[in-house]
Amino acid sequence: MSAERAKPLVIGIAGGSASGKTTLAKRLADSLSDLRVEVFAMDRYFRPVKPQMVAPFTRIVYEDHNSPDSFDLAQLVHDLDERLAAPTPPQIIIVEGLMTLQDDAIRSRLDLRLFIDVQSDERIVRRLKRNMARGMDMDEIATFYLDSVRYRHQEYVEPSRWHADLVLNGSQPSETALQLVLEWIRHHAPPAHADGDSYNVNPHYAGE
């Protein structure tokens with residue numbers, strides 16, 4: 001088998017905030033526990049000092065968490081390339097995050113591109129539940145979403161869906177779709193190295 005074929009299979013997962021990207025990455029990794037899997041979560045690459053944005057209508061200035069400049073994507077690509085070139089690389093690498101399909105450098109390294117589609121009203125409800133559980137105030141969460149998140153979604157995330165090989169229903173996740181993705185991954189995954197472990201989580205992985 002050629003060295004090219006032996007490289008890890010790289011799966012990219014994109015979608016809006018609270019669409020279920022991390023959940024899908026975990027389901028895939030758990031279902032592929034007999035293979036060597038690493039997950040790169042883009043949230044681990046948030047810049048310590050984030051850019052600012054001015055809300056289009058309220059003119060409130062916010063710390064921007066939802067633009068390409070909010071992340072150190074060059075570092076993510078560097079770390080990804082290191083794992084791709086490692087002497088004993090994983091068989092599968094999963095990259096999940098807002099800009100996974102938006103960024104040219106990341107997208108060019110993907111073998112399978114997935115986009116999770118969830119309507120905005122459902123995603124804001126999920127954000128409310130998630131962030132209130134973390135101690136945030138409902139008005140704070142809603143205002144930030146309406147002033148910032150939804151505009152960045154339309155600007156950067158939503159257009160990236162056209163780069164997807166497959167768009168998945170994130171409102172009512174399909175077990176059939178999941179099994180089709182898993183079957184494709186298993187069919188295209190490179191063989192394991194003799195000294196490889198099974199399921200590994202990259203240090204840049206962040207759970208929901």
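The values are calculated or read from the model by the stated rules, or taken from the named source; none is laboratory data. Since the structure is predicted, the reported quantities are computational estimates derived from the model, not experimental observations. A quick note on method: Cβ atoms are made from the backbone with ideal geometry, for glycine too, and the neighbour counts reach across all protein chains shown.
Couple of notes before you dig in:
- Residues of segment 29-61 that are basic (K, R) and farther than 22 Å from I106 by Cβ: R59 alone.
- Evaluation of A29 against the conditions (1) over 21 Å from V118 (Cβ atoms); (2) not in a loop (DSSP other than H, G, I, E, B) shows that the sole unmet condition is (1).
- Considered as a group, the residues in segment 45-55 that are in contact (Cβ under 8 Å) with a residue 24 or more places away in the chain and surrounded by fewer than 18 Cβ atoms within 10 Å (Cβ to Cβ) include one that is farthest from E96 (Cα to Cα), and that residue is A55.
- Considering residues of segment 1-22 that are modelled with pLDDT of 95 or more and over 23 Å from S67 (Cβ atoms) only, the residue surrounded by the most Cβ atoms within 10 Å (Cβ to Cβ): I11
- Any hit, segment 86-107, residues being surrounded by 14 or more Cβ atoms within 10 Å (Cβ to Cβ) and part of a helix (DSSP H, G or I): yes
- Residues that are outside any helix (DSSP H, G or I), exposed (fewer than 15 other Cβ atoms within 10 Å of the Cβ) and of a type in the set (D, E) do not occur anywhere in segment 67-84.
- When segment 136-153 is limited to residues that are out of contact with any strand residue (DSSP E or B) (no Cβ under 6 Å at 6 or more places or on another chain) and under 16 Å from D69 (Cα atoms), the one that is surrounded by the most Cβ atoms within 10 Å (Cβ to Cβ) turns out to be V149.
- Each residue in segment 154-176 was checked for being loosely packed, with under 15 Cβ neighbours inside 10 Å and in a helix (DSSP H, G or I), and 6 pass.
- Of all residues in segment 44-58, those that are charged (D, E, K, R) and out of contact with any helix residue (DSSP H, G or I) (no Cβ under 8 Å at 6 or more places or on another chain) total 1.
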